[in-house]
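One structure below.
Read the figures in this text as sums done on the coordinates, not as results from a lab. As the structure is a prediction and not an experimental result, all values here were calculated from the model. A quick note on method: Cβ atoms are made from the backbone with ideal geometry, for glycine too, and the neighbour counts reach across all protein chains shown.
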2 protein chains.
Amino acid sequence: MKTADRILAAAEQLFAERGYEATSLGEIADQVGIRPQAIYNHFDSKWQLYEAVLERLLGPFLRFLDDALATPPSAARGADSLAAEISFHAANPNLARLVQHAALAGGSQLKLLIERWYRPFFQRALLLAPESNAIVKADPALLPWLVTGMHGLVLGYATLAPLHAELLGIDPFSEQAIARQSQFLRELLRVLDGAQS
Amino acid sequence: MKTADRILAAAEQLFAERGYEATSLGEIADQVGIRPQAIYNHFDSKWQLYEAVLERLLGPFLRFLDDALATPPSAARGADSLAAEISFHAANPNLARLVQHAALAGGSQLKLLIERWYRPFFQRALLLAPESNAIVKADPALLPWLVTGMHGLVLGYATLAPLHAELLGIDPFSEQAIARQSQFLRELLRVLDGAQS
């Protein structure tokens, strides 16, 4: 792996574990096995490195949502895109952790996350929500609570994984557990969408 | 307020914002307006202060779950206890933030949280899940994913609040927003429970 990629991987891991503020360039350099000064051959600052880490995680995610929106709307599309989102988070659990740290810390991290990525992401998520959803049908004013609720449910799978692993004796990142989570979400969407039929 | 209570309130706020490791006794003392040494008149260590903060938040929560379990099981009890849980978290948003920080940090914080509080809490939560739930009926093996999913949804309301507030232009801790969240959860449980009727 190139040095820049090794720096990005180490930074992603440390930012996900401790958050932006609690991570130093010295610790990142230690993980990579280079001198702290050598990071500046690749990134101008800790902040620019943080931006690059988010871009590497969220860029592919937004492109995936664009692809999902390119197919015609249907309940199946909603279920498929949510299942694909779960697989995406399962393969990149640090994404949810970085988002959660930014939400807890607030300030410029949260601002960057929202302006560059999350606003377009939520606009797409609202478009992907099926109109036939039983909760929205019961009261259209509940749509924001449905979307934020599903968002918490999906992110919580990664950010609360160590707690749930210990409580239930299940490794949430095993292949079988991820298959079950996809099945659970399909079942949940089926029930939410099937209440009309 | 007594000095010990003011120390607990300041510690809770800082632990919830930054996590245990990133918070120093000096910062807590600054918030209270006392010398750092004066904290030791009330607490033996930063760790004992952390335990006291968790006890103050989670003790009443476990007693509330005990009361909920004292009434006979029914779908209404499930809905009532979840709505009460939302009100509890809305009044004490730092609880969800502390749990989320512990899950992200792992180690002794997570261990303390699980052994002292979360294991009995999850045992009660599993008992409160109604047997008629459509997802569990479809496949009983999905029960752990239902419980952890609802847990992520409930906690995410507090831990992701600054992100959702910015994206949706809604203050999640306004009286109206909390009423909507209760309505959303009642609606969700109704759909999950009503699919059999």
Q.
Kirkwood hydrodynamic radius, the stretch B:59-194, all distinct C-alpha pairs: what's the number in Å?
A. 15.8
**Q.** Rounded tilt (10° steps) of B:93-105 against the dominant C-alpha axis of chain B
**A.** 80
(Q) If each label sits 7 angstrom from Cα along the C-beta direction, how far apart, in nm, is residue B:173 from its counterparts in the other copies? (A) 3.2
Q) By how many nm would the segment from residue B:51 to residue B:141 lengthen if fully extended, with 0.36 nm per residue of separation less the alpha-carbon distance? A) 28.9 nm
Q: Could you pull the copy-to-copy label distances for residue B:93, with points set 7 Å along Cα to Cβ, in nm to one decimal and sorted shortest first?
A: 2.8
**Q.** Helix A:119-128 vs. chain A, principal-axis angle (Cα, 0 to 90°, nearest 10)
**A.** 20
Q | Angle in degrees between helix A:175-194 and the longest Cα principal axis of chain A, rounded to the nearest 10 | A | 40
Q.
Of the candidates A:124, A:116, A:35, which one comes out as most mobile in a Gaussian network treatment of chain A with C-alpha springs shorter than 10 Å?
A. A:35
Q: Summarise the partner chain shielding of B:166-179 as one whole number: the mean count of Cβ atoms from other chains within 10 Å of each residue's Cβ.
A: 3
Q | Ascending list, in nanometres, of distances separating the residue B:44 label from those of the other copies (7 Å, Cα toward Cβ) | A | 5.2
Q: Place the peptides B:162-175, A:155-168 in order of packing, highest mean first, counting for every residue the other Cβ atoms within 10 Å and averaging per peptide.
A: A:155-168, B:162-175
Q. In nm, what is the difference between 0.36 nm times the number of residues separating residue B:13 and residue B:108 and their Cα-Cα distance?
A. 32.2 nm
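I need A:2, A:137 ordered by Cβ neighbour count within 10 Å, fewest first.
Listing A:2, A:137 from fewest to most nearby Cβ atoms yields A:2, A:137.
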Q. Hey, rough spin-label estimate for residue B:30 and residue B:69, points 7 angstrom out along Cα→Cβ, what's it come to in nanometres?
A. 4.3
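Relative to the compact globular guide of 2.2 N^0.38 Å, what is the alpha carbon radius of gyration of the protein assembly as shown, as a ratio?
Expressed relative to 2.2 N^0.38 Å, the Cα Rg reads 1.01.
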